[in-house]
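K.L.:
This is the structure I want to talk about, given as structure tokens.
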């Protein structure tokens, strides 16, 4: 018994192998773009984190205003969810984005601390 001749099937097997190989090779070279630009996503995430921090402050509204924050930035909830899904598929990009979010939150905290000190030090 002889091994099968892959090319005797009218090139079907060779074509299948070639297409499969190209598909696998191109999977690592995805040019998929995030549904939101990076600056918008960063700003929305910063605002959401600030709103979440307010939840732990007694006496303030305890509802997370996600939809109003998204609306303020002109972002539909489904588009934001798609952007979050994109970043979960691209963890390196998500990590870099969150470094920017953390840096922005630190800057906000510095300004808030400075304003708080000015308010308490005035006669």
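Here, each number is a calculation from the coordinates, and none is a lab measurement. None of these values were measured; they are calculated from a predicted model.
K.L.:
Based on the Cα atoms of segment 36-121, what semi-axes does the equivalent ellipsoid have, where each is the square root of 5 times one gyration tensor eigenvalue, given in whole Å with the largest first?
P.N.:
Values: eigenvalues 138, 56, 22 Å².
Taking √(5λ) for each Cα gyration eigenvalue gives 26, 17, 10 Å.
K.L.:
Given 37 °C and 0.692 mPa s, compute D for segment 56-100 with the Stokes-Einstein relation, Rh being the Kirkwood radius over Cα pairs; round to the nearest whole µm²/s.
P.N.:
Translational diffusion coefficient: 265 µm²/s.
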